[in-house]
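Here is the structure we will look at.
The values are calculated or read from the model by the stated rules, or taken from the named source; none is laboratory data. Since the structure is predicted, the reported quantities are computational estimates derived from the model, not experimental observations. Side chains are part of the model used for accessible areas, which takes the heavy atoms of the whole protein and leaves out ligands, DNA and RNA. Shrake-Rupley method; radii C 1.70, N 1.55, O 1.52, S 1.80 Å.
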Amino acid sequence: MNRRTALAAIIALTTGLTLAGCSTSDSRPELKVTGAFMPQPVSDMAGGFLVVKNSGGTSDRLTSVTSPISDDVSIHETKNGKMRMVTSFEVPAGGQLDLERGGNHIMFMKLKRQPKQGEKVSVELHFEKADPIKVDLPVKETTYDPKKQ
């Protein structure tokens, strides 16, 4: 093997290894939010509900939510009729995270003001891998449940 052939083989091998590292299984999460709403609060607390769809090839995690309406916003899991704060929720690759009434949700404590039906509450969703997503939650009637519409 002459020098030129050896150099071409090294370049081809290096290029092949580099491209192998760029497979679709390493793709980033592709997140989209739908169905967002907040029932009109009746106290200084409120819930937020939405769906995060992930059409990407990699899972992600919702790690926190921030909002100008409250300095105390957390994410809660509901199991066996009891809710508790959690540090994150998985958003599976090719799947979705459902934050819904009676289930997992966003919890707003110590509201700075009580939004009224027809207004919008802005939030920012923070993820482990994906960039933050800003969402406006339309304020619906207190009893609103999209499953019963």
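Using the heavy atoms of the protein chains and a 1.4 angstrom probe, tell me the accessible area per residue for the range 52-130 in square angstrom.
Accessible surface, normalised per residue, equals 54 Å².
Need the full-extension length gain, residue 147 to residue 119, defined as separation in residues times 0.36 nm minus the C-alpha distance. One decimal, nm.
Gain on stretching residue 147 to residue 119: 8.0 nm.
Expected output is a single nm value to one decimal: the length gained when fully extending between residue 55 and residue 131, i.e. 0.36 nm times separation in residues minus the C-alpha distance. What is it?
Length gained, residue 55 through residue 131: 25.9 nm.
Return the equivalent ellipsoid semi-axes of the range 51-142 as a descending list in whole Å, where each equals the square root of 5 times an eigenvalue of the C-alpha gyration tensor.
Equivalent-ellipsoid dimensions as semi-axes: 22, 16, 13 Å.
Run the numbers for residue 66 and residue 27: contour at 0.36 nm per residue of separation, minus the present Cα-Cα distance, in nm.
On the way: separation 39, 0.36 × 39 = 14.04 nm, distance 2.65 nm.
In short, 11.4 nm is gained.
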